[in-house]
Amino acid sequence: MSNRLSEPEQRLCRAIAQRLDSMVADLAIHVAIPTGRGFRPGLDHYRGILADRLQSLGSSLELIPGDPRPPWIEPPARLSLHEAAADEECDPLPALLARHPLKQSRTRILLSGHIDTVHDPQGSFQSLSIAGDRATATGPGVVDMKGGILIAINALEALAELGVDLHWSFILDSDEETGSFMCDRALRDSARDHDVALALEPALPGGALAVERMGSGQFKVECFGRSAHAGRDFGKGVSAVYALARIITQLESLARPDQGMIVNVGPLVGGELTNAVPDNAACWGNVRFVDNRAADILAKSIESLATMRDDLPRVAVQRIWNRPAKPRTDSSMKLAELAHSVAAELGQPMTFASTGGVCDGNNLQAAGLPTIDTLGVRGGNLHRTDEFIELASLVERCQLLALLMLRLSENRLQGT
Ligand SMILES: [Zn+2]
């Protein structure tokens, strides 16, 4: 620890270091609650535990109802994979917002986390397993992002115990891993009345901080033709599958990775029999874009594939660009530089990086808040059944986050 830290800051760091055992014990409890794939009982249970901790810190709680996911988003293969998705359509998942306002605070901090994981609530990967040398531990959501949420709560608790009062809110959504369609409104609304957002996504490899992210969107192209017997009436048929094949080659030609535009197609469906001309075919896809201009080009190009209502084959297009691009801005770089200098004082090297991955940080920055979003713990193998955390990062990243919040509350952002 650097001696550039003030005496109270050093005390804060020591208090956090003493929390390691309790953090590991809490992590084991949180990781063992299945919160993947819209599994409502687990999500409600875990959200309840977090709500109690946040309420004990003197915050007021609000459960913000979610909005329905666009029903066309889900390809049929995924629908059959987990029936939970059908349930989600009826009753969207909510977000929890804890508010801890403070009148005299100079910087109003919004913490952001997601309580869902990608993991199968009925799968075999269900609990925390600590390696023999205690350097790492595996578990579902251990870095993405139950470890991140845990360090944020511990940072708030450690600050409170030392008598540091901050203006903070904490938004916890329930569907980040599937695009935050349900909780997007809650995220955007919570961004109001704050000055900065800190999101607890896992650190990039080596502890790097993501300072720019591409945006992302979903689309579906559906083709309608005319069915006919393939042998007797082939000439009368209009194949929706051939129409879709032509569309897919057009979609391929729209991708310009070197110009920050990615178009990925899959899955796809079409036809039911080999001896009938198929009258229906559809594909789903994902786009990534580096900025609003690229997002607009992709939107116009994909929408232009649609035909008139009476055309045969007819082509219908649906799309939603749900994660705006998160480019570097002056204010987000100021925030990143502050995190960088705090990390340096703690002896934690931090580099800056760009990524094509997306997260709630995209939505929060688009809602007007300078946002840094990889302040969570270190680990790896995200979205796999060998997802792991580096246990030492619980303390190190908690110290970084707590110190960053402290400096922000002292208005160091403007002062740097
Ligand atoms: Zn995540």
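The values are calculated or read from the model by the stated rules, or taken from the named source; none is laboratory data. Please read all numbers here as calculations on a predicted model, not as lab measurements. For neighbour counting, all protein chains shown are included, and Cβ atoms are generated from backbone atoms with ideal geometry for every residue, glycine included. Quick note on the areas: whole protein, heavy atoms, side chains included, nothing else; ligands and nucleic acids left out. Shrake-Rupley method; radii C 1.70, N 1.55, O 1.52, S 1.80 Å.
Structure values in brief
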{"quantity": "Checking LEU63 against (1) part of a helix (DSSP H, G or I); (2) farther than 22 Å from GLY141 by Cα; (3) of a type outside the set (Lys, Arg), the condition it does not meet", "calculated": "(1)"}
{"quantity": "ALA316 being more than 16 Å from the ligand (Cβ to nearest atom), at pLDDT 95 or above and buried (at least 17 other Cβ atoms within 10 Å of the Cβ)", "calculated": "no"}
{"quantity": "Test set (1) buried (at least 22 other Cβ atoms within 10 Å of the Cβ); (2) β-branched (Val, Ile, Thr); (3) within 16 Å of the ligand (Cβ to nearest atom) - THR355 fails condition number", "calculated": "(1)"}
{"quantity": "Scope the range 319-332; condition open to solvent by less than 70 Å² (accessible area, probe 1.4 Å) and either more than 29 Å from ALA255 (Cβ to Cβ) or among the basic types (Lys, Arg) (or both); matching residues", "calculated": "ARG323, LYS326, SER331"}
{"quantity": "Helices (runs of 4 or more DSSP H) lying entirely in the range 330-416 (those with 2 or more residues that are of a type in the set (D, E, K, R))", "calculated": "330-345, 392-409"}
{"quantity": "Selected residue (criterion: farthest from the chain's Cα centre (by Cα)) from residues of the range 295-313 that are open to solvent by less than 80 Å² (accessible area, probe 1.4 Å) and not hydrophobic (A, V, I, L, M, F, W, C)", "calculated": "ASP311"}
{"quantity": "All positions within the range 115-169 that are within 16 Å of the ligand (Cβ to nearest atom) and either over 19 Å from the mean Cα position of the chain (by Cα) or within 17 Å of CYS398 (Cα to Cα) (or both)", "calculated": "VAL142, VAL143, ASP144, MET145, LYS146, GLY147, GLY148, ILE149, LEU150, ILE151, ALA152"}
{"quantity": "Residues (open to solvent by 30 Å² or more (accessible area, probe 1.4 Å), touching a His at 6+ places or on another chain (Cβ under 8 Å), over 19 Å from ILE171 (Cα atoms) and at pLDDT 95 or above) located in the range 1-59", "calculated": "PRO34"}
{"quantity": "Among residues of the range 195-237, those that are in a loop (DSSP other than H, G, I, E, B) and surrounded by fewer than 23 Cβ atoms within 10 Å (Cβ to Cβ), counted", "calculated": "7"}
{"quantity": "All positions within the range 273-290 that are of a type in the set (D, E, K, R) and closer than 17 Å to ARG319 by Cα", "calculated": "ARG288"}
{"quantity": "Top-ranked residue of the range 65-85 - restricted to ones that are among the hydrophobic types (A, V, I, L, M, F, W, C) and crowded, with 17+ Cβ neighbours inside 10 Å, ranked as modelled with the lowest pLDDT", "calculated": "ALA85"}
{"quantity": "Matching residues, the range 177-194, being away from the ligand (no atom under 16 Å from the Cβ) and open to solvent by less than 10 Å² (accessible area, probe 1.4 Å)", "calculated": "ALA186, SER190, ALA191"}
{"quantity": "Residues being away from the ligand (no atom under 14 Å from the Cβ) and either open to solvent by 50 Å² or more (accessible area, probe 1.4 Å) or over 20 Å from LEU111 (Cα atoms) (or both) - total across the range 379-408", "calculated": "7"}
